[in-house]
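The structure appears below as structure tokens.
The values are calculated or read from the model by the stated rules, or taken from the named source; none is laboratory data. In this text, all values refer to a predicted model and were calculated from it rather than measured experimentally. Here the Cβ is made from the backbone with ideal geometry for all residues, glycine too, and neighbour counts use every protein chain on show.
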Amino acid sequence: MAVTALDITQRSAVLDGRPFGAAGAYEKIAGTLRFAVDPALPVHAPIADLGLAPRNERGRVEWSADFYLLKPVDPARGNRRLFLDVPNRGRKVALGMVNSAPRVPDPSTPEEFGNGFFMRHGWTVAWVGWQQDVPRRDGLMAMTVPAVRGVTGLLRCEFRPNLRADVLPLADRYHIPHETADLDDPAARLTVREHVGAAEVEIPRNAWRFADRSHVHLAGGFEPGKIYDVVYRSADPPVIGLGFLTVRDTGAFLKFDAGRGNPCAGALDRAYVFGVSQSGRFLRHLLYLALDEDEQGRMVFDAVVPHVAGARRGEFNMRFGQPSLNAHQAVGDLFPFTGEEQVDPVTGKRDALLARLRRRGRAPKIFIINSSAEYWRGDGSLIHTDVDGKRDVEPPDDVRIYLFAGTQHTPGPIPPNEADPNTGGRGLKPFNTVDYAPLLRAALVNLDRWVSAGIEPPPNEFPRLADASAVPATATKSRFDSIPGVRFPDRVGHPVRLDFGPDIERGLVAELPPKAGAPYPSFVSAVNADGNEIGGVRPVELRAALATFTGWNPRHPDQGAPGDLMSMQGMTLPFPRTPEERKASGDPRLSIAERYPSLEAYLARVREVAHVLVNARWMLAEDVEASVERAGVLWDQLQRGL
């Protein structure tokens, strides 16, 4: 067993022992997990640089990671299910995403457990730090891994400021950078692009410098909206691919281990792993490498849920990789994208995301869920179309693919945020207010029934070329151009074929920036007369609509490059309130008053469509009244104006 110890630093009752329905009271446990693995085992062969890592006296590679657990005090009252939430850049996500709770590092109040979904249903929920580049502050979770001493190599850091700055870190946001090996390196390069798709222009070396080993300074400052890339040399790379084994072996420890301090010993039958955005891309990468099998050959996870990951992976298993990197034209954009095997006619490469799992002969159940934002980002449709963009590719029988139509990357609050809380980015229009959490909760119940009882979940729901529900983004332009005040983007990005050199499969990069080739065609959902999407699972907000809801939003002009799209944010474009308002603005969409004669009539429609979703298993009956209440809040908000 790879877990050698769990050092517990905190163990306490949740909410002073208050019961969560039939599941009873919960407790929280926090501490440090310690690991040691044999680098020579064949199952570990995919981990880049593992064979170069320092070893202990038994020939094992050692490391440690932060750990956090919420579990029923009485195991007999739990549902015997583990939900392992892979932290996103060190942050716990599941309670915020599924319980509709505030995102906090250590939930301690009733409000911080949201609607209590996980607890009321008896789930054991766990988190483990899997990134070495996360600072241990503000409750962020990280791991500590060995480095390969004496090795140097190139890496690229991309940044796009929303405010003018003279100095920027060599990292994505707040993360720990790979330090430059040479402050005066004459071969280091800084380039700038005016916008997405623009040509790179190299900035003269005497116009910029490394402010220190972790920051770069540009004379005159970095301009908002422009895209900067710095390529430089670093040394002593950490073995970041151990993050995959951290997640795998945490699941194995909690699910299988009968002793050695396992707080869940004998209490779990099933284990599900869930990742959102960056950590969803991490799970796609884990599946690609078939690293869900432990040292004893046991399949650890009964189901894997990469959520809002699109078709991407990431720098999770390469020398000088940056797990937090969110750049495009990066390793995460590499072929393959679909679960089924394809041949890229341009490169001749043949592969599938699940190829290694198929060769192994067994695989977990997989739910791949995306928002509209991943489609407008340019990669979402690649998980179910061929690389020629000519036909649909149906997923395998053990995979479901769902688009939550009309949604942005994360559920939208009412009122919408003024700016993206992660980046400070602002959009031209108010952000999307669709709350897809009810769809996500129902999906998890469907997934568990599939794994545990063999009950088939609802069929795949995504835009298809065959029925014209999948279209190029530009095919929707005329519809959005007709809505007053909307600016259709000048550019919608597409992934392109990339060449990082011959050893990229071993995690070694030779070409930076990579050689860029032909783009992959990509598609979005077609829209109806209101501009709302017709493909995918349509939530309450689209079935009883008060607005047009999109997965895209142009950048605010004050932050530069207004013809480009924001990252991950959508729009709420309210319908006119009255016929008079509609006529005055020239809006082609029917007004709210023409659709619903009163608030009561609107709420009755919301309740009706919510029950339709319940009957189709896209929503839980327990969420109907809360959805109706939220719809009333949105009505009031739109009557006052966003």
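Within the stretch 496-510, the set of residues being part of a loop (DSSP other than H, G, I, E, B) and within 15 Å of residue 333 (Cα to Cα) comprises 500, 501, 507, 509.
Here are some residues: 62, 57, 27. Which one is among the acidic types (Asp, Glu), assigned by TED's automatic domain parsing to the domain that holds residue 275 and in contact with a Leu (Cβ under 8 Å, 6 or more places away or on another chain)? Only one candidate passes the filter, namely 27.
Residues of the stretch 97-106 that are surrounded by fewer than 22 Cβ atoms within 10 Å (Cβ to Cβ), closer than 22 Å to residue 246 by Cβ and at pLDDT 95 or above: 105, 106. Considering (1) in contact (Cβ under 8 Å) with a residue 60 or more places away in the chain; (2) in contact with a Pro (Cβ under 7 Å, 6 or more places away or on another chain); (3) surrounded by fewer than 24 Cβ atoms within 10 Å (Cβ to Cβ), the lone condition that residue 340 does not fulfil carries the number (1). Residues that are free of Cβ contacts under 8 Å to residues at least 24 places away in the same chain and assigned to a helix (DSSP H, G or I) within the stretch 90-144 comprise 96, 111, 112, listed in sequence order.
Take the residues in the stretch 347-389 that are outside any helix (DSSP H, G or I), of a type in the set (Asp, Glu) and touching a residue at least 60 places away in the same chain (Cβ under 8 Å), then tell me which one is farthest from residue 452 (Cα to Cα).
Going through the stretch 347-389, the residues outside any helix (DSSP H, G or I) turn out to be 347-354, 361-371, 378-379, 384-389.
Then drop every residue that is not of a type in the set (Asp, Glu), which leaves 351, 379, 386, 388.
Keeping just the survivors that are touching a residue at least 60 places away in the same chain (Cβ under 8 Å) gives 379, 388.
Working: 379: 32, 388: 38 Å.
Among them, the one singled out is 388.
So which of 485, 493 ends up being assigned to a loop (DSSP other than H, G, I, E, B), in contact (Cβ under 8 Å) with a residue 24 or more places away in the chain and within 25 Å of the chain's Cα centre (by Cα)? Quick ask: steps written out before the conclusion?
Details: 485 fails: within 25 Å of the chain's Cα centre (by Cα).
Step by step, each of 485, 493 is checked, and only 493 is assigned to a loop (DSSP other than H, G, I, E, B), in contact (Cβ under 8 Å) with a residue 24 or more places away in the chain and within 25 Å of the chain's Cα centre (by Cα).
Search the stretch 54-68 for residues that are free of Cβ contacts under 8 Å to residues at least 24 places away in the same chain and pair each with any residue that is of a type in the set (A, V, I, L, M) when their beta-carbon atoms are under 8 Å apart and the residues are at least 6 apart or on different chains. These pairs meet every condition: 55/61; 56/36; 58/36; 59/40.
Does residue 86 qualify as being of a type in the set (A, V, I, L, M, F, W, C) and out of contact with any His (no Cβ under 9 Å at 6 or more places or on another chain)? Considered against the rule, which asks whether it is of a type in the set (A, V, I, L, M, F, W, C) and out of contact with any His (no Cβ under 9 Å at 6 or more places or on another chain), residue 86 comes out as yes. Restricting attention to the stretch 5-50, the residues being part of a strand (DSSP E or B) and loosely packed, with under 15 Cβ neighbours inside 10 Å number 8.
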